[in-house]
Amino acid sequence: MQQLQLTLAIIKPHAVKNPVALSFIRNVLKQNFIVVKTKRVTLDQNAASVFYKEHVGKFFYNRLTTFMTSGSIDLHVLAHMNAIQLWRKILGPTSVYKGQFQEPYCLRGMFGLSDTRNVAHGSDSPDSAEREIKFFFPEFSVYQWRKEDEEWYR
Ligand code: RTP
Ligand code: MG
């Protein structure tokens with residue numbers, strides 16, 4: 001039996017503010033994943049620096065945390081077989097420019113504005129997914145969810 005995998009998607013501030021992008025992205029999520037949890041939040045600098053601690057010291061760190069605290073973000077816990085890889089594939093490369101030329105139908109290629117304003121985030125490993133989901137949804141229990149939604153993973 002293949003197991004469902006969870007991942008965290010974050011729709012970044014510029015995409016949350018763009019109604020066309022946002023409704024397109026929501027449809028993509030609904031069509032490709034079980035959307036387990038959804039929440040809209042605004043990060044403060046402290047939360048952004050904890051969430052992005054792996055990037056401290058990189059040249060884009062200040063730009064990234066400033067951008068991610070500049071407006072509301074939408075958080076989605078997504079479930080699917082290989083959800084982590086699938087969501088990152090749908091997103092496309094970090095670089096919007098590469099997305100536009102190599103995979104024009106990826107979300108970053110379609111709606112990205114720059115390498116930082118690149119539409120959405122996706123967890124990059126099972127460990128990151130667990131850490132990131134716990135960070136934003138500390139009350140969420142995967143075991144409880146599985147009990148409640150048993151039909152999804154039989
Ligand atoms: P993410 O974490 O958002 O899913 O993106 P990723 O794995 O594809 O890329 P990562 O290396 O983890 O970078 C995190 C976010 O930092 C911003 N960034 N800006 N050259 C730049 O200006 C630059 N490089 C990275 C992006 O917002 C990227 O998603
Ligand atoms: Mg990353």
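Some points to look at:
- Highest-fluctuation residue, Phe33, Phe135, Phe59 considered, GNM on the chain with Cα pairs under 10 Å: Phe59
- Dipole moment magnitude, nearest 20 debye, segment 1-90 about Cα centre, only Lys, Arg, Asp, Glu C-beta charged: 140 debye
- Stretched out straight at 0.36 nm per residue, the stretch from Ser72 to Val41 would grow longer than its current Cα-Cα span by 10.6 nm.
- When each of Lys17/Lys89; Lys30/Lys58; Lys53/Lys98; Lys39/Lys147; Lys58/Lys134 is checked by Cα-Cα distance, pairs over 31 Å: Lys30/Lys58
- With both labels modelled 7 Å from their Cα along Cα-to-Cβ, the Tyr97 to Arg146 distance reads 4.4 nm.
- Taking the protein heavy atoms of the chain in the context of the full set of protein chains, the accessible area attributed to carbon and sulfur is 53 percent at 1.4 Å.
- When the Cα gyration tensor is reduced to axis lengths a ≥ b ≥ c, the ratio a/c is 1.5 or higher for segment 86-154, and with a/b above b/c it is classed as prolate.
- Å² per residue, accessible surface of the chain at 1.4 Å: 56 Å²
- Simple label model, 7 Å out from Cα along Cβ direction - Lys89 to Lys17, nm: 3.3 nm
- Contour excess over end-to-end distance, with Cα ends at Arg63 and Ser128 and 0.36 nm allotted per residue: 21.2 nm
- Positive contributions from Lys and Arg (+1) and negative ones from Asp and Glu (-1), summed over other residues with Cβ under 11 Å from the Cβ of Ala15, come out at +4.
- Relative compactness, the chain, computed as alpha-carbon Rg over 2.2 N^0.38 Å: 1.02
The values are calculated or read from the model by the stated rules, or taken from the named source; none is laboratory data. Nothing here was measured: the structure is a model prediction, and the numbers come from that model. Counting neighbours? That spans all protein chains shown, and the Cβs are built from the backbone with ideal geometry, glycine included. Quick note on the areas: whole protein, heavy atoms, side chains included, nothing else; ligands and nucleic acids left out. Shrake-Rupley method; radii C 1.70, N 1.55, O 1.52, S 1.80 Å.
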